[in-house]
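Chemist: First the structure, then my questions, so here it is.
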Amino acid sequence: MVQERIGRLLSLAYERIGSEKEPDALSRRYVKLAREMSSHYKVRLGRSEKHSFCKKCNSMLIPGKTCTVTLASSIGKVIYKCKCGAETGIFYK
Ligand SMILES: [Zn+2]
């Protein structure tokens, strides 16, 4: 199933970040593939999947490793700032 394959690609991308010295290129390739599959097959990514990578550079967003996390409590958002400079705001409950 496409959705499973996308999930697997994203978890592979996640593992790369943790295990390799220079994980960026391969990790980003996995994310790119997952995104291409999702748009090609018109499969929507889950909420957590959608927010697990940077939309600008396809890098996995891992607090303390590839991004910094700021809490913007006034607007009820968590701001993830990627190494490339892109910011993603995620509403929290
Ligand atoms: Zn980025």
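We did not get these values from a lab; they are worked out from the coordinates using the rules stated. Please read all numbers here as calculations on a predicted model, not as lab measurements. Positions of Cβ are generated from backbone atoms using ideal geometry, with glycine treated the same way; all protein chains shown enter the neighbour counts.
Chemist: What's the Kirkwood radius of the chain in Å, using all Cα pairs?
Modeler: Evaluated over the chain, this radius sits at 13.6 Å.
Chemist: Taking Cα atoms, how many degrees apart are the long axis of helix 2-19 and the longest axis of the chain, rounded to 10 and kept between 0 and 90?
Modeler: The angle comes out at about 60 degrees.
Chemist: Please state the charge dipole magnitude for the chain, taken about the Cα centre, from unit charges on C-beta atoms (+1 on K and R, -1 on D and E), reported in debye and rounded to the nearest 20.
Modeler: In total the dipole reaches around 260 debye.
Chemist: On to the next question. What is the gain in length, in nm to one decimal, between THR68 and LYS32 on full extension, counting 0.36 nm per residue of separation less the C-alpha to C-alpha distance?
Modeler: 10.8 nm
Chemist: In degrees between 0 and 90, to the nearest 10, how far off the longest principal axis of the chain does helix 24-40 point, with axes built from Cα atoms?
Modeler: Orientation of helix 24-40: about 80 degrees from the principal axis.
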